[in-house]
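Since the structure comes first, as structure tokens, the remarks are kept for the end.
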Amino acid sequence: MSPASFAASYALLFTAFAAARGDRRVIAYLVVIAVLAAGVRAVHRRRVLSSGVLWALSVCGLLHMMGGLLPSPDPTAAVFYETWIVEGVLKYDQLTHFAVSAVVTVACWQVAARWLDPDRGGPGIHALVAGAMAVAFGALNEVFEFLSALRFADAFVGGLDNVGWDLVFNLFGAMSAGVWLVLRPSPASQRRGRPRTPRPSDARPRPGTARAGTS
């Protein structure tokens, strides 16, 4: 199964689930998933994303649909997004915003690496650019949620406090991913640290050279 087919599968399942409950809000979620899937596909065709990032983005879509469409096990919460993971400290909504922002930062890093000069600025500048892109995407999501709330009275997007915490955890996720990207060993350094495997061609003399022990 590919990341795209995985996303299509859970989108169909949630559509059927929402239709059975008469939940119109699934329309907004399907629009978001469709637009993001089209954007990822367009980017992947021009700036190749790794398989791990594609799967992570697909899982992010699942987390988003779960949060907004599944009923919460907490009777005081309307949807799963409002469920406390750690009572009074961390909500599912906040954890999801952190995780999604981190994944988007890594995806933006891979995209930006295609057009940023690796010899200028270094990984710190690249991480800053990727993090800024991820935070911008998070802000656009908040704009979309606001517009959805104008259309659907039961959108459950929360008030000003919710928007503020969403932006805070978006920033934390982007910063955490940026630090990880800067500190992790680069593929080039890993290759330099590996012992070189001798090849059969190494035993043959190069043109213009003599074998050892011959004149």
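What the table below lists for this structure:
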quantity	calculated
Given (1) open to solvent by 40 Å² or more (accessible area, probe 1.4 Å); (2) at pLDDT 95 or above, number of the condition Leu36 does not satisfy	(2)
Hey, Pro123 more than 21 Å from Arg25 (Cβ to Cβ), out of contact with any Asp or Glu (no Cβ under 9 Å at 6 or more places or on another chain), part of a helix (DSSP H, G or I) and modelled with pLDDT under 85 or not	yes
Extreme residue, farthest from Val129 (Cα to Cα), among residues of region 163-180 that are among the β-branched types (Val, Ile, Thr) and at pLDDT 90 or above	Val168
Residue list for region 89-120, filter: part of a helix (DSSP H, G or I) and either among the aromatic types (Phe, Trp, Tyr) or open to solvent by 40 Å² or more (accessible area, probe 1.4 Å) (or both)	Tyr92, Leu95, Phe98, Val100, Trp109, Gln110
Number of the condition not met by Tyr81 [criteria: (1) open to solvent by less than 50 Å² (accessible area, probe 1.4 Å); (2) in contact (Cβ under 8 Å) with a residue 12 or more places away in the chain; (3) within 17 Å of the chain's Cα centre (by Cα)]	(3)
Pairs where the first residue, in region 1-25, is of a type in the set (S, T, N, Q) and the second is modelled with pLDDT under 95 and open to solvent by 30 Å² or more (accessible area, probe 1.4 Å), C-beta under 7 Å, 6+ apart	Thr15/Leu30
Where Val86 falls short, out of the listed (1) open to solvent by less than 40 Å² (accessible area, probe 1.4 Å); (2) at pLDDT below 95	(1)
Filter result (at pLDDT below 75 and surrounded by fewer than 18 Cβ atoms within 10 Å (Cβ to Cβ)) within region 140-154	Ala149, Leu150, Arg151, Phe152, Ala153, Asp154
Test: residue in region 47-65 that is over 25 Å from Gly178 (Cα atoms), in contact with a helix residue (DSSP H, G or I) (Cβ under 6 Å, 6 or more places away or on another chain) and either in a loop (DSSP other than H, G, I, E, B) or modelled with pLDDT of 90 or more (or both)	yes
Pick from region 17-28, criterion in a helix (DSSP H, G or I) and open to solvent by 30 Å² or more (accessible area, probe 1.4 Å), ranking: modelled with the lowest pLDDT	Ile27
Residue tally, condition closer than 15 Å to Val32 by Cα and exposed (fewer than 11 other Cβ atoms within 10 Å of the Cβ), over region 1-11	0
Test: residue in region 75-83 that is in contact with a Ser or Thr (Cβ under 8 Å, 6 or more places away or on another chain), assigned to a helix (DSSP H, G or I) and under 22 Å from Met1 (Cα atoms)	no
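The values are calculated or read from the model by the stated rules, or taken from the named source; none is laboratory data. Owing to the predicted nature of the structure, the values given are computational and were not obtained by experimental measurement. Every residue, glycine among them, receives a Cβ derived from its backbone with ideal geometry; neighbour counts consider all protein chains shown. Just the protein is used for accessible areas: all its heavy atoms, side chains included, with ligands, DNA and RNA removed. Shrake-Rupley method; radii C 1.70, N 1.55, O 1.52, S 1.80 Å.
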